[in-house]
Amino acid sequence: MKVTVRFFPSLCRITGKKKLEVELPEGAGINELLDELSRRFGKKFLESLYISDLGVTSPYTSVIIDGKTVILTKSKNYKLKNNSVVSFLEPIGGG
């Protein structure tokens, strides 16, 4: 199945891409997508999503799957569908 991944903004610097299409096996979930992205973009990609080695999603990163905000630490088995869109977002703020 095909999944579209969108990266904003610091992840664009890590991946060199704003958008990427990934082929995954039918029935794959967010874990399989993260595994594939870490294979492609290395440790720095995963470090940008998680706080240290605790496996805790950074409070500064939002993951939106098909328009629904997903908390990775609570949704490790979240299943994706063919043509799902997964967006990794960071808050933009000022002060």
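Quick notes on this one:
- All of (1) farther than 16 Å from S87 by Cβ; (2) in contact with a helix residue (DSSP H, G or I) (Cβ under 8 Å, 6 or more places away or on another chain) hold for R39 with one exception: (2).
- The stretch 41-50, residues that are in a helix (DSSP H, G or I) and either surrounded by 14 or more Cβ atoms within 10 Å (Cβ to Cβ) or in contact (Cβ under 8 Å) with a residue 24 or more places away in the chain (or both): F41, K44, F45, L46, E47, S48, L49
- Residues located in the stretch 19-39, provided they are basic (K, R) and either at pLDDT 95 or above or within 18 Å of D66 (Cβ to Cβ) (or both): K19
- Tally of residues being surrounded by 12 or more Cβ atoms within 10 Å (Cβ to Cβ) and part of a strand (DSSP E or B) across the stretch 3-27: 8
- For the stretch 76-89, taking the residues that are in a loop (DSSP other than H, G, I, E, B) and under 18 Å from S38 (Cα atoms), the one that is modelled with the highest pLDDT is identified as L80.
The values are calculated or read from the model by the stated rules, or taken from the named source; none is laboratory data. What you are looking at is a predicted structure, and each value in this text was computed from that prediction instead of being measured. Virtual Cβ from ideal backbone geometry, glycine too; neighbours counted across all protein chains shown.
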